[in-house]
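K.L.:
The structure under discussion is supplied below as structure tokens; questions concerning it will follow.
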Amino acid sequence: MDRILIRGGNRLSGTLPISGAKNAALTLMPCAILTDEPLTLRNLPRLADVDGFGHLLNQLGASTRIEGSRPDEFGRVMTIRAGQLTSAEAPYDIVRKMRASILVLGPILARAGEARVSLPGGCAIGNRPIDLHLKALEAIGAKLEMSAGYVTASAPGGRLSGGVYRFPVVSVGATENVVMAAVTASGPTRIENAAREPEIVDLCRCLVAMGAQIQGIGTETLEIEGVSELHGATYSVMPDRIEAGSYACAAAITGGDVTLTNIGTDEMGATLAALREAGVEVETARNTIRVAAPNKLRPLNITTAPFPGFATDMQAQFMAMLCKAEGASVLTETIFENRYMHVPELARMGADIQVRGRTAVVQGVDRLVGAPVMATDLRASMSLIIAGLVADGETQVSRIYHLDRGYERLEEKLSAVGADIERVGDG
Ligand SMILES: CC(=O)N[C@H]1[C@@H](OP(=O)(O)OP(=O)(O)OC[C@H]2O[C@@H](n3ccc(=O)[nH]c3=O)[C@H](O)[C@@H]2O)O[C@H](CO)[C@@H](O)[C@@H]1O
Ligand SMILES: C=C(OP(=O)(O)O)C(=O)O
């Protein structure tokens, strides 16, 4: 299996392009199920999860065609055409590998009037329940049954009715599922306490480009007027705010000065505020963000929260960065109960981190030391890369298939700004 080798100590500097967002791509791709016309997605990142989602769409009977994929280019253009669905089932083997697969439930149900999707179960970062996806779909007219690890959903008379649902807690995935299901319902839908993540704004904008009628985009109340059918569209995936934040942490820990390109600043508020508080100089222009590290990073007090709060997907990367801050930082994870799997691995590199329940206290250290490490999830793996960039000697990160799910050509982007990093195979 491939590993990544990093020899720490290089200061990062230069320009680093940001790819399309994984978490937007994986909610835009299922929109193609809602129409028999083609949906063309631009700026789609080259990621294992995007390929996996394409495979799932193929299983449902949709075709996927990739254009403009010169190997030296970042991003791709994919045209998905679901002329006819030949299956309404997302099987266990695909769903268990890629949690975003649950996002086909709403669109298949809306299009075919029935859907059968495997329950995702938990994963390395904690329990990943879908009860809110199901309650929201029920509120707009779905009938649900659970058996043998699958949820079977149907729309009486072949079409969902629409309805009102108030989320008891903010859920990104459940908001996405119910929005996609509601756009072609026979009546109106009102979703209260909806998630406001920028990826949901991207989803709504794509659906509007396909003919959906949605009011309140970007707010916690979404009002959807069902339309009889959607049409095809061409849509560009938003830039990846989590990838951008990850590279900002990488630049900051190395004492570097890096300009991130192809990234908007509106969706990065909490991350940029935290970087500034840590003493990082952040300069924003239209589509670029320059981050310049201070001599010494200041410690932070961070609590993860739904948008516009500090993203759970940035917690591990900030934790790695704060290992080199002057003093003690406190991080509190409120979204997932088990998202500290990187702590023991960072500790093997010399980090001083104490976890009590949902809170981690990170005491800055003078020195991190390279070691063989591995992580059990995507952002945890990125935190080890960030630590490796300043660790003395060599860090060897294994199980890098996690990184390939969410970072397009990571080692290429980091080498281009001066990191000593390479991917090696076993052979
Ligand atoms: C609000 C939030 O930060 N969501 C994150 C979550 O989205 P993802 O869509 O995976 O998870 P949700 O936003 O749905 O989960 C938010 C919270 O609601 C709970 N829950 C969720 C669904 C459900 O049916 N029942 C239920 O109880 C979850 O356990 C969690 O505590 O993980 C993604 C991948 O790391 C991140 O990109 C999202 O930013
Ligand atoms: C955990 C993540 O993704 P997923 O929900 O696809 O596992 C992530 O993007 O950090």
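K.L.:
Given 273, 316, 320, which one is aliphatic (A, V, I, L, M), more than 16 Å from ligand 2 (Cβ to nearest atom) and either part of a helix (DSSP H, G or I) or not assigned by TED's automatic domain parsing to the domain that holds residue 247 (or both)?
P.N.:
Just one listed residue meets the conditions, 273.
K.L.:
In the range 139-157, which residue that is exposed (fewer than 11 other Cβ atoms within 10 Å of the Cβ) and on the phi > 0 side of the Ramachandran plot is nearest to the chain's Cα centre (by Cα)?
P.N.:
Going through the qualifying residues, I end up with 148.
K.L.:
Another question, if that's okay. Answer yes or no as to whether residue 230 is more than 17 Å from the chain's Cα centre (by Cα) and at pLDDT 95 or above.
P.N.:
Here the answer is yes, as residue 230 does meet what is asked.
K.L.:
Report yes if some residue within the range 367-375 is at pLDDT below 95, basic (Lys, Arg) and either crowded, with 16+ Cβ neighbours inside 10 Å or not in a helix (DSSP H, G or I) (or both); otherwise report no.
P.N.:
No, every residue in the range 367-375 fails to be at pLDDT below 95, basic (Lys, Arg) and either crowded, with 16+ Cβ neighbours inside 10 Å or not in a helix (DSSP H, G or I) (or both).
K.L.:
Output yes when any residue across the range 298-309 is farther than 28 Å from residue 199 by Cα and away from ligand 1 (no atom under 16 Å from the Cβ), and no when none is.
P.N.:
For the range 298-309, residues farther than 28 Å from residue 199 by Cα and away from ligand 1 (no atom under 16 Å from the Cβ): present.
K.L.:
Can you find, within the range 84-104, the residue that is surrounded by the most Cβ atoms within 10 Å (Cβ to Cβ) among those that are of a type outside the set (D, E, K, R) and away from ligand 2 (no atom under 15 Å from the Cβ)?
P.N.:
88
K.L.:
Here's something else I'd like to know. Can you name the condition, by its number, that residue 268 falls short on among (1) in contact (Cβ under 8 Å) with a residue 40 or more places away in the chain; (2) in contact with a helix residue (DSSP H, G or I) (Cβ under 6 Å, 6 or more places away or on another chain); (3) in the same structural domain as residue 405 (by TED's automatic domain parsing)?
P.N.:
Of (1) in contact (Cβ under 8 Å) with a residue 40 or more places away in the chain; (2) in contact with a helix residue (DSSP H, G or I) (Cβ under 6 Å, 6 or more places away or on another chain); (3) in the same structural domain as residue 405 (by TED's automatic domain parsing), only one is false for residue 268: (1).
K.L.:
Step by step: first the residues of the range 293-313, then only those that are free of Cβ contacts under 8 Å to residues at least 40 places away in the same chain and assigned to a strand (DSSP E or B), then the one that is surrounded by the fewest Cβ atoms within 10 Å (Cβ to Cβ). Which residue is that?
P.N.:
301
The values are calculated or read from the model by the stated rules, or taken from the named source; none is laboratory data. If you're wondering where the values come from, they're calculated on a predicted model, not measured in any experiment. Quick reminder, even Gly has a Cβ in these numbers, built from the backbone with ideal geometry, and neighbours come from all protein chains shown.
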